[in-house]
Structure formats: structure tokens, C-alpha cells
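Shown next, in C-alpha cells, is the structure this report addresses.
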Amino acid sequence: MNSQIRISDLENIISEKVFIKIEKWNLYLGDAGLARHLAIECISNKERGPLEAAKISLKAINVKVGDGVKSIPLINLITSSQILELEEILENFFEN
């Protein structure tokens, strides 16, 4: 399968299912413009297995806040249940 299609497929799944949690507000990664970057990171860490790929990828992405002067690792904005959701997504995706 074409690697661009696989990246896009994973990006679409992540866009709809994984979100940043701020107080009671959920911002889905597709709306935040972070889904493709996360999909690329996850695919590049595939050999480490779904859980490690998820964690390593979430740590590698820095989210700019405010005027972009500061950034926060994406893993700090994701709940533990969302990390498990991403792991499940990757398990299913890597099997295919």
C-alpha cells in the first residue's frame, strides 16, 4: 500500500478519535492540525510496538501555545484514556 495513503488513513482515524483535554473542553487533533504529524510519528515508531509508539510519538510532538513562544509536549495534553485509545488505534492499524 502506498505510504501516503497509509499516513492519510491513520491521520483520519486519529483526527476523529484522539483529543487534547483542557479542563472540560476536548479539542480533536484533526481540528488542532496535529493528526498528520502524530500519524507520521507513530508510523516511524511502528517497530517499537503500539504502546511505545504511541508514547514516544506523543512526547516528540510539541504543541505551541499562545503566541507560539512556548510549547508543551503533546503527551502532557492527552489523558491516559486517550493514550490507550491511540494504542488501540495503532494495534488495529499496524495489524492491517
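Given the alpha-carbon gyration tensor of segment 17-61, what are the semi-axes of its equivalent ellipsoid in whole angstrom, ordered largest first, with each equal to the square root of 5 times an eigenvalue? Display every interim value, and only then the final one.
Numbers: eigenvalues 89, 24, 11 Å².
Each semi-axis is √(5λ); the values are 21, 11, 7 Å.
Considering all projection directions equally, how large on average is the shadow of the alpha-carbon convex hull of the chain, in square nanometres?
Working: hull surface 23.9 nm².
With every direction weighted equally, the projected area is 6.0 nm².
Would you mind checking the tilt of helix 80-95 against the longest principal axis of the Cα atoms of the chain, expressed as 0 to 90 degrees and rounded to 10? The helix 80-95 is inclined about 20 degrees to the chain.
In whole percent, how big is the carbon plus sulfur part of the accessible area of segment 1-58, probe 1.4 Å, protein atoms only? Don't jump to the answer; show the numbers that get you there.
On the way: 1730 of 3410 Å².
Carbon-and-sulfur percentage of accessible area, whole number: 51.
Counting only heavy atoms of the protein chains and using a 1.4 Å probe, LEU84 has close to 90 Å² of accessible surface. Picking from SER57, SER80, SER15, which is most flexible by a Gaussian network model of the chain using Cα springs under 10 Å? Maximum among the listed residues: SER80. Considering only ASN12, ALA60, THR79, and ranking their Cα positions along the charge dipole of the chain that arises from unit charges at the beta-carbon of Lys, Arg, Asp and Glu, the one farthest toward the positive end is ALA60.
For LEU27 and LYS70 in the same chain, what is the full-extension length gain: residue separation times 0.36 nm, less their Cα-Cα distance, in nm?
Numbers: separation 43, 0.36 × 43 = 15.48 nm, distance 1.88 nm.
In short, 13.6 nm is gained.
Working note: Karplus 6.51/-1.76/1.60 with θ = phi - 60° gives segment 11-26 the couplings 4, 4, 5, 4, 3, 8, 10, 10, 9, 8, 10, 10, 6, 9, 10, 10 Hz, where Gly and Pro are set to x. Annotation: per residue accessible area for the chain equals 61 Å², rounded to a whole number [probe 1.4 Å, protein chains only].
Where in segment 21-57 does the label zone of ILE7 land, with the point 7 angstrom along Cα→C-beta and an amide N cut-off under 12 Å? So the set is 36-44.
The values are calculated or read from the model by the stated rules, or taken from the named source; none is laboratory data. Here the structure is a predicted model, which means the values were calculated and not measured. Neighbour counts run over all protein chains shown; Cβ positions are idealised from the backbone, glycine included. Each accessible area value is taken on the protein alone, full model and side chains, heavy atoms only, with ligands, DNA and RNA left out. Shrake-Rupley method; radii C 1.70, N 1.55, O 1.52, S 1.80 Å.
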